[in-house]
1. Ile170 - would you say it is hydrophobic (A, V, I, L, M, F, W, C), touching a strand residue (DSSP E or B) at 6+ places or on another chain (Cβ under 6 Å) and open to solvent by 30 Å² or more (accessible area, probe 1.4 Å)?
2. Quick one: would you say Ser162 is under 24 Å from Asn34 (Cα atoms), small (Gly, Ala, Ser) and more than 16 Å from the chain's Cα centre (by Cα)?
3. Given the conditions (1) touching a His at 6+ places or on another chain (Cβ under 8 Å); (2) without any contact (Cβ under 8 Å) to a residue 60 or more places away in the chain, report the number of the one that Glu134 does not fulfil.
4. On the basis of being part of a strand (DSSP E or B) and of a type in the set (A, V, I, L, M), does Ala172 make the cut?
5. How many residues are among the polar types (S, T, N, Q) and touching a Gly at 6+ places or on another chain (Cβ under 7 Å) if we restrict to the range 10-41?
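The values are calculated or read from the model by the stated rules, or taken from the named source; none is laboratory data. Quick caveat: nothing in here was measured; it's all calculated off a predicted structure. For neighbour counting, all protein chains shown are included, and Cβ atoms are generated from backbone atoms with ideal geometry for every residue, glycine included. When the accessible area is computed, the model is the full protein with side chains, heavy atoms only, and any ligands, DNA or RNA have been set aside. Shrake-Rupley method; radii C 1.70, N 1.55, O 1.52, S 1.80 Å.
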Amino acid sequence: DLIEAYNKFSSYIARVSSAMSSGRSGADTLLISNLTNIWSEFNGAESDRINELSSVMSNAVNELTEKHIPFHIGDETILKEYGYVQGDVLYIGDCNYKTVVIPDNTVLLASTEKLLAEFEHGGGFIAYTSSLPENDICDNSSIIYTSRICDGYSLHYFFNNSNEDITATINAGTKMLDLSSGDIVPFHGVYK
């Protein structure tokens with residue numbers, strides 16, 4: 001029955017939305033956007049250089065995603081206005097980062113370079129995308145991963161981004177929220 005299927009789907013989406021809006025983001029990695037770089041090269045027409053810079057950013061996003069590293073993307077103008085460093089942590093508003101990733105071939109604003117120098121001097125970690133090790137939380141790059149930090153627990157969200165049935169070993173916790181029923185059930189580390 002169509003109404004019953006719609007109600008099940010709506011309940012499923014409501015559970016995902018509730019879980020993903022609880023607590024705060026578990027991302028402690030900031031990927032610096034190269035949009036400032038792109039604007040500085042833009043001359044009103046498409047060019048190989050703009051396409052190259054766009055690909056660099058897209059590749060950085062894909063690599064972090066495939067390595068299961070939760071991240072945010074940071075704009076340099078926002079960093080200049082709201083970014084500050086305390087010790088080995090870079091803050092932007094309520095978010096804080098222990099790792100900053102710079103896409104390959106990115107030229108940074110002087111204000112970003114100054115902030116990152118302070119961050120690195122305080123013990124913060126700066127890397128290029130390809131130098132980051134893979135997060136061992138999941139062994140299948142077709143699985144998309146993010147996390148939330150809630151009162152008393154961490155919530156890990158995994159999503160099969162392929163069009164195929166897959167198997168993955170997941171190294172996170174012993175309980176799982178069954179999104180179809182809303183029940184908390186035991187989890188033994190293998191997703192099928």
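1. Details: hydrophobic (A, V, I, L, M, F, W, C): yes; touching a strand residue (DSSP E or B) at 6+ places or on another chain (Cβ under 6 Å): yes; open to solvent by 30 Å² or more (accessible area, probe 1.4 Å): no.
Judged against the criteria, Ile170 is not a match.
2. No.
3. (2)
4. No.
5. Residues flagged as among the polar types (S, T, N, Q) and touching a Gly at 6+ places or on another chain (Cβ under 7 Å) within the range 10-41 amount to 1.
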